[in-house]
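Undergrad: There's a structure below that I have some questions on.
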Amino acid sequence: MGTTRIGADIGGTFTDVAAVDSEGRLYIGKRLTTHGAEHEGVIQAVRDTGVDLSAPDTILAHGTTLVINALLERKGAKVALVTTEGFADLLDIGRGNRSEIFTLRFRREGPLVPREMRFEIAERTYGDDTVTCVPTDGELDRIADRLRSAGAEAVAVSFLNSYLNPANELHVAAYLAQALGVPVTASASLSRQWREYERFTTGTANAYIAPVFDRYLQQLIGGIAEDGFKGEFVVLDSSGGAMAVDTAKRFPVRAVESGPVGGVIGARTLAGTLDIDNLVTLDIGGTTAKSALVERGEYATTDLYWIGGEKRGFPLQVSTVDIIEISVGGGSIASIDATGGLQVGPHSAGSKPGPVCYGLGGTRPTLTDANLYCGRIDKDHFAGNFTLDVEGARRAIEGLAAEAGMSPERLALGILRLANMRVASTVRRQTLERGYDPRSFTLLASGGAGPLHACEVAAEVGIDRVLIPRFPGHYSALGMLGANLRLDRTEVVLGGLDELDPAYVRDILGTIAKELTSELTFKGAEDPAGIFFQYALAIRFRGQEHALWIAAPASGLDVPDDLAAQLRASFEEEYVRRYGHLDKMSKLETVELKVVAERVLPPVDISYARIEEGERTEHEALWGGGESVTVAVIARSTLKAGDEFEGPAVIHEIGSTTSVPPRARVKVLEGDAILIDVSKVR
Amino acid sequence: MVDQQWDAALVDPLEREIFRYTAASITEELEVNITRTAYSPLIQESQDYCVSLISTDFKPFMQSEASIPIFVYDMGEPVRDAVSVIGIENLEPGDVFVTNFESGQHINNVVMGAPLFHGDQISGYVSIRAHWADLGGLTVGGQSMGARSIFQEGTRYRGIRLMRAGKMQQEVLATFQANTYQKEALTGDLMAQLAACTLGIRRWTERVVPRWDAQQVGSLIHVQLTASEAFARRAIAALPDGDYSDTRRWEFEFGGEEVRMDFELKIRIDGDRMVCDLSGLPPQTKLPINAGTVGGANAAVKLAFRYLIGGDAPTDGGFFAPLEVVIPDGTIASATGDAPMGFWNMTMPLLIDMFIAAIGNSHPDLVPASHFALVGGVMLYGRRDDASVWRHVEGSIGGLGAEKDSSGFGPVKCLMLGNMKDVPIEMAEGRFPVRYHRVSLDREAGGEGLHRGGAAADKLFEVLAPCDLNVYPEPRTPAPGLAGGKPGKLGAVTFKRPNSDQWQVPRGEDGGVTKLVAGSLIRQVCAGGGGWGTPVDQFSEAAE
């Protein structure tokens, strides 16, 4: 008997729920996302699955776009900032860059906190960590009064150099929380990295959404409890794990990539099951393609996440799975640009009117229309009983072909080719541009359109193996079933590597481990031995700006006496692998230390529905230079472990279609994933 | 020279884009590589580099996205010069050359280039410019306000080969290392640049050579550049015909001397032709604020033109083909001989601004008012206990001009610079002996108007150890308003020694720099943008 686990993912259009009961049976629930009252759609979709919620050890992992949407749409609380005297304008000044280099009329979106809601306080910590000025209670009472009369619903406390010594910040935050009774965020509780602007925007964003997120979680958890849920509710964390509800309420910005991260967690789980070391993910939906990296069980992460884009938005300094995104999806519109070149995207027909073949009023050819025209999609098995307008798609392709002076076959294949090249740039960024050899990677495809393009994208990048999980169209919710509780902490540790004192490292690790342990310990999860740690140091040549993360010699918090020597050896090896050269002249220095703590939750073992009998059909498709090829059309539910065959083929299942090119070799694995060898495709 | 016949008929809208994406995949990867391995914060944080692919006739056709905007497709000429010095017949696969000769910019801007081959035929060049820490000269960093000749600013190299047929020339590397104050940083940056260069050669061989032959590559580039040129001509034709002009006067004190300079810029638009006449620039000066024609006057005009056209214009060598620049030798932006250029970029934002303003003076609805138009910059140099050099720079961040329908944005870097980020205060305080007292925004720095010009930063900081202060002169010329808008506030950099009440303008009397002692304060007030339209209260006064 296993644990019942439920994954609930709110997306832009649909809310997906996947549940596995104690017998391993899989349930899927799907609802239109209920914008404005998102919890209702989740409660309904969970109900739709019909899974028994009553077992007390049931775990529900929730991924939500609520945080990112509230930040993008500016639907948060009336928030105030309390900051070091002399620096209240930092939120306006930022880093002083014009991030669009050829834009004359450049502007960036304004801060979340208007100037009149920012309050300066006499306090200061110097760059060497000495606190020279501590605010008095009298001054704090005065500030509290001003905050109260300004109507602050939440407060961010962000002081200069708090990354180094958060004493003042924590003191003031605790004092104000006590005095005001509203959520108060100390910036250092979210980030211990230097860069005041980035940390200040992170703290203000957290305070800004804290009341909203708190309300939402209360409604959602209350609603599910009414349906009998008594288990553990966790919220997906952008860094690839899950947070307990209390942690999520205090640090809602950590849930900023809560939705998309589900699929990446699924990829990590599957890589573990199949013993795959290097995996790159590719998730293509209606408007965007996303790619992430899982290397030996660890995600590639980034410390900066941009709300509203790097060019005009503001940063969050929280650890986030490094998901690289590009605006290519099934709805991407093909067009001829002002210089006569063929373009796919960035404009998208979205889901309304959607591609021409949806018959909902779209007239401009999209990527989906080109896929249909080229026979990569089976018109009868695209989306349940939804009938595709094949004629409409053909007319749209022919219309654009006439404008471009090309044959429609060449144009349609060209649209696929360009889309694949654009998508390939994200996969390349994850692999080749990190210095990895793509041939050692497997590409895992998900999303409605990921499996349509995965084989050719892999061939473009030089990856030989493509992995298609079961139900790739619901992969984000499915992936959440494997989420573990996880937290991380990064601190600045600046100094020469040779002078790195193991005792000092042990000391910091001990302090951080204690704090993370207490965050990961609550009713039902009390065993300290159930928490696994690992740490890494960011190292660079002295004088360099960019550092490499070098993992500790072994997992756990053990610090060997020759730590520095071991790190040096790993750094040199990694540096050569990535950049192809090594300069022995310069000294090495450490910049930051990162600790990841993970509490493993009970895994699930999904047994997919029984194998169905079904006839293979055939249809004509375009491949290569435009020649017509007969392809097999296969229902995924008819495939069983051990099946092997060669492309071309179209494999359809609910929510997604896999396109297998000629010369690609398909093998169905134990556990139902499909592995495709594309080494002969080019 | 044989007139090459490109077969445009072989190139359709699809093939062109496949080639373009392929080329972009190469510059992108090189860009990632160089920013990750460079030593100089100028390369990673300030993006003071650029990666370009260049045709056999030295026209740039693909460039990295994140470089400084003034480097807009300008590496064709330095590469052409290096190739002509070497002799094209002497170039072999695996050769990598280095050049910083007469690029029109300070000699820290070093271009490294390599021929790209199809078999034994050259089918293009890859080139990478990066800001080298210094190449010797009067002071560490090479840029000294005290320099009166380019020979005092470091060493120049002209097409010297660091690698021949894939083999490193150790004596060349040793010579570079012998001509710098900062051997460690220079070697690191140079190796990063070289690694990116050789990676470019490899990727060209892997991705371009198998797909297209040299003739086809020529055709693809030709068609792309021709289409971009046609686009630019249509964009010019859409602008109102006419003669446009702008004038400015710069006055500033430097080294105890009063300097006055008058600038005039003229533009003629006639159908799909645009001519920019810079004959009215001041003559080249003994101060190190000269630029050369290629990287100076031409670059500024090209960038201003790109700003004017806006949107998703196909920015490449073809796009700039319709733009004609008239400039005699010997001006401040077309300097010749041994004119010093340490601060070559000082006039660049002004020229860009004058170009935009020339159009605005006649058609104020088409463009914003003037921006603060200064690179500015406070540069601090000192030595640590172990004698290594620390360097901290605060660039000027001021206001952009207001527009017909909105106020100006600010504070940001000027129009010559782009995505260059200020060093975080915490990083500066953690790494250098500096302490910040205040960083605030002057919301009234922008000129009044129907819409106010962009705001500017006002910073106050202290040095905690002795160091050298180097500053750009601050001309007493505000950003003019447009359509009745008022000019922005002026900026200024001043300092105050401990136990003194007097704020002073740094004069560079200590060999081009100002020596500071611990406890000295520096105040950097940046300038605001120009206002747009007559201020509302003046309207009502007129009505009364």
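Undergrad: Residues in region B:413-423: is at least one buried (at least 24 other Cβ atoms within 10 Å of the Cβ), among the acidic types (D, E) and either closer than 30 Å to A:T132 by Cβ or out of contact with any Ser or Thr (no Cβ under 9 Å at 6 or more places or on another chain) (or both)?
TA: Checked against the condition, which is being buried (at least 24 other Cβ atoms within 10 Å of the Cβ), among the acidic types (D, E) and either closer than 30 Å to A:T132 by Cβ or out of contact with any Ser or Thr (no Cβ under 9 Å at 6 or more places or on another chain) (or both), region B:413-423 yields at least one hit.
Undergrad: Looking only at strands (runs of 3 or more DSSP E) that lie completely in region A:45-133, which have at least 2 residues being in contact (Cβ under 8 Å) with a residue 40 or more places away in the chain, farther than 30 Å from B:S396 by Cα and not polar (S, T, N, Q)?
TA: A:59-63
Undergrad: Could you tell me which of the residues A:V595, A:V604 is surrounded by 15 or more Cβ atoms within 10 Å (Cβ to Cβ), outside any strand (DSSP E or B) and either more than 14 Å from every other protein chain (Cβ to nearest Cβ) or within 32 Å of the chain's Cα centre (by Cα) (or both)?
TA: A:V604
Undergrad: Taking the stated definitions as given, is B:V378 on the phi < 0 side of the Ramachandran plot, β-branched (V, I, T) and more than 12 Å from chain A (Cβ to nearest Cβ)?
TA: Criteria met by B:V378.
Undergrad: Turning to a different aspect of this structure: Pick from A:D237, A:D227, A:D141, A:D214: which is more than 14 Å from chain B (Cβ to nearest Cβ), farther than 30 Å from A:Q44 by Cα and of a type outside the set (S, T, N, Q)?
TA: Every option except A:D141 fails the conditions.
Undergrad: Search region B:467-482 for residues that are within 9 Å of B:F252 (Cβ to Cβ) and pair each with any residue that is part of a loop (DSSP other than H, G, I, E, B) and not charged (D, E, K, R) when their beta-carbon atoms are under 6 Å apart and the residues are at least 6 apart or on different chains.
TA: Pairs that qualify, where the first residue is within 9 Å of B:F252 (Cβ to Cβ) and the partner is part of a loop (DSSP other than H, G, I, E, B) and not charged (D, E, K, R), are B:E474/B:G491.
Undergrad: Taking region B:200-213 as the region of interest, how many residues are crowded, with 19+ Cβ neighbours inside 10 Å and more than 10 Å from chain A (Cβ to nearest Cβ)?
TA: So the count comes out to 5.
So that you can scan it fast, the table gives a plain yes or no per residue for (1) more than 30 Å from A:A55 (Cα to Cα); (2) modelled with pLDDT of 95 or more; (3) touching a His at 6+ places or on another chain (Cβ under 7 Å); (4) not in a loop (DSSP other than H, G, I, E, B):
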{"position": "A:R148", "(1), (2), (3), (4)": "yes, yes, no, yes"}
{"position": "A:A173", "(1), (2), (3), (4)": "yes, yes, no, yes"}
{"position": "A:V182", "(1), (2), (3), (4)": "yes, yes, no, no"}
{"position": "A:Y197", "(1), (2), (3), (4)": "yes, yes, no, yes"}
{"position": "A:L217", "(1), (2), (3), (4)": "no, yes, no, yes"}
{"position": "A:L220", "(1), (2), (3), (4)": "no, yes, yes, yes"}
{"position": "A:K230", "(1), (2), (3), (4)": "no, no, no, no"}
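Undergrad: Would you say B:R20 is surrounded by 20 or more Cβ atoms within 10 Å (Cβ to Cβ), facing another protein chain (nearest Cβ under 8 Å), within 16 Å of B:T205 (Cα to Cα) and modelled with pLDDT of 90 or more?
TA: yes
Undergrad: Given the condition touching a Gly at 6+ places or on another chain (Cβ under 6 Å), surrounded by fewer than 20 Cβ atoms within 10 Å (Cβ to Cβ) and either in a strand (DSSP E or B) or within 14 Å of chain B (Cβ to nearest Cβ) (or both), answer yes or no: does some residue in region A:564-580 qualify?
TA: Yes; the residues of region A:564-580 include at least one that is touching a Gly at 6+ places or on another chain (Cβ under 6 Å), surrounded by fewer than 20 Cβ atoms within 10 Å (Cβ to Cβ) and either in a strand (DSSP E or B) or within 14 Å of chain B (Cβ to nearest Cβ) (or both).
Undergrad: Taking only region A:178-206 into account, find how many residues are farther than 19 Å from A:E519 by Cβ and more than 22 Å from the chain's Cα centre (by Cα).
TA: 10
Undergrad: How many residues are in a loop (DSSP other than H, G, I, E, B), at pLDDT below 95 and at the interface with another protein chain (Cβ under 7 Å from one of its Cβ atoms) if we restrict to region B:406-456?
TA: Looking only at that region, the number is 6.
Undergrad: Something else: Considering every residue within region A:534-543, establish whether at least one is in contact (Cβ under 8 Å) with a residue 60 or more places away in the chain and either surrounded by fewer than 16 Cβ atoms within 10 Å (Cβ to Cβ) or not aliphatic (A, V, I, L, M) (or both).
TA: So far as region A:534-543 goes, yes, one or more of its residues are in contact (Cβ under 8 Å) with a residue 60 or more places away in the chain and either surrounded by fewer than 16 Cβ atoms within 10 Å (Cβ to Cβ) or not aliphatic (A, V, I, L, M) (or both).
Undergrad: When region A:516-556 is examined, which residues are found to be more than 16 Å from A:V505 (Cα to Cα) and β-branched (V, I, T)?
TA: A:T517, A:T521, A:I531
Undergrad: Still on this structure, please answer the following. Please specify each residue of region B:484-505 satisfying the condition of being in a loop (DSSP other than H, G, I, E, B) and surrounded by fewer than 21 Cβ atoms within 10 Å (Cβ to Cβ).
TA: Answer for region B:484-505, where residues must be in a loop (DSSP other than H, G, I, E, B) and surrounded by fewer than 21 Cβ atoms within 10 Å (Cβ to Cβ): B:G484, B:L490, B:R497, B:P498, B:N499, B:S500, B:D501, B:Q502, B:W503, B:V505.
Undergrad: Please specify each residue of region B:150-180 satisfying the condition of being touching a Pro at 6+ places or on another chain (Cβ under 8 Å) and either part of a helix (DSSP H, G or I) or surrounded by fewer than 21 Cβ atoms within 10 Å (Cβ to Cβ) (or both).
TA: Across region B:150-180, the qualifying residues are B:I150, B:Q152, B:A165, B:G166.
Undergrad: For region B:181-199, check the following and say yes or no: at least one residue is more than 11 Å from chain A (Cβ to nearest Cβ), under 30 Å from B:G142 (Cβ atoms) and outside any helix (DSSP H, G or I).
TA: Yes, there is a match, as at least one residue in region B:181-199 is more than 11 Å from chain A (Cβ to nearest Cβ), under 30 Å from B:G142 (Cβ atoms) and outside any helix (DSSP H, G or I).
Undergrad: Regarding region B:182-199, can at least one residue be identified that is without any contact (Cβ under 8 Å) to a residue 60 or more places away in the chain and either under 30 Å from A:A459 (Cα atoms) or surrounded by fewer than 18 Cβ atoms within 10 Å (Cβ to Cβ) (or both)?
TA: yes
Undergrad: Taking B:K459 as the residue in question, decide whether it is closer than 24 Å to A:D92 by Cα and either within 13 Å of chain A (Cβ to nearest Cβ) or touching a residue at least 60 places away in the same chain (Cβ under 8 Å) (or both).
TA: Yes.
Undergrad: Here's another thing I want to ask about it. Condition test on B:V393, is it farther than 30 Å from B:V536 by Cβ, more than 9 Å from every other protein chain (Cβ to nearest Cβ) and either part of a loop (DSSP other than H, G, I, E, B) or hydrophobic (A, V, I, L, M, F, W, C) (or both)?
TA: Answer is yes for this residue.
Undergrad: Is it the case that B:S64 is more than 14 Å from every other protein chain (Cβ to nearest Cβ), polar (S, T, N, Q) and out of contact with any Lys or Arg (no Cβ under 8 Å at 6 or more places or on another chain)?
TA: Against the criterion (more than 14 Å from every other protein chain (Cβ to nearest Cβ), polar (S, T, N, Q) and out of contact with any Lys or Arg (no Cβ under 8 Å at 6 or more places or on another chain)), B:S64 does not qualify.
Undergrad: Working carefully through the options B:A114, B:A130, B:A82, B:A147, find the one that is in a strand (DSSP E or B) and either modelled with pLDDT under 95 or under 22 Å from the mean Cα position of the chain (by Cα) (or both).
TA: Going through B:A114, B:A130, B:A82, B:A147 in turn, just one is in a strand (DSSP E or B) and either modelled with pLDDT under 95 or under 22 Å from the mean Cα position of the chain (by Cα) (or both): B:A130.
Undergrad: Just checking, how many residues over region B:85-109 are assigned to a loop (DSSP other than H, G, I, E, B), hydrophobic (A, V, I, L, M, F, W, C) and in contact with a Lys or Arg (Cβ under 7 Å, 6 or more places away or on another chain)?
TA: Final tally of qualifying residues: 2.
Undergrad: Going by the structure shown, is A:G479 surrounded by fewer than 24 Cβ atoms within 10 Å (Cβ to Cβ) and of a type in the set (G, A, S)?
TA: For A:G479, the condition - surrounded by fewer than 24 Cβ atoms within 10 Å (Cβ to Cβ) and of a type in the set (G, A, S) - is not met.
Undergrad: Hey, another quick one. Scan region A:508-528 and tell me whether some residue there is hydroxyl-bearing (S, T, Y) and within 13 Å of another protein chain (Cβ to nearest Cβ).
TA: Scanning region A:508-528, I find no residue that is hydroxyl-bearing (S, T, Y) and within 13 Å of another protein chain (Cβ to nearest Cβ), so the answer is no.
Let's see how each residue does on (1) surrounded by 20 or more Cβ atoms within 10 Å (Cβ to Cβ); (2) under 27 Å from A:Q219 (Cα atoms):
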residue: A:H39; (1), (2): yes, yes
residue: A:A45; (1), (2): yes, yes
residue: A:G86; (1), (2): no, no
residue: A:N97; (1), (2): yes, no
residue: A:E109; (1), (2): no, no
residue: A:P114; (1), (2): no, no
residue: A:T130; (1), (2): no, no
residue: A:D141; (1), (2): no, no
residue: A:A154; (1), (2): yes, yes
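Undergrad: OK, next. Surrounded by 22 or more Cβ atoms within 10 Å (Cβ to Cβ) and either at pLDDT below 95 or touching a Ser or Thr at 6+ places or on another chain (Cβ under 6 Å) (or both): is that true of A:G297 in this structure?
TA: Spelling it out, it is not the case that A:G297 is surrounded by 22 or more Cβ atoms within 10 Å (Cβ to Cβ) and either at pLDDT below 95 or touching a Ser or Thr at 6+ places or on another chain (Cβ under 6 Å) (or both).
The values are calculated or read from the model by the stated rules, or taken from the named source; none is laboratory data. Quantities reported herein were computed from a predicted structural model and do not represent experimental measurements. As a convention, Cβ positions derive from the backbone with ideal geometry for all residues, glycine included, and neighbour counts pool all protein chains shown.
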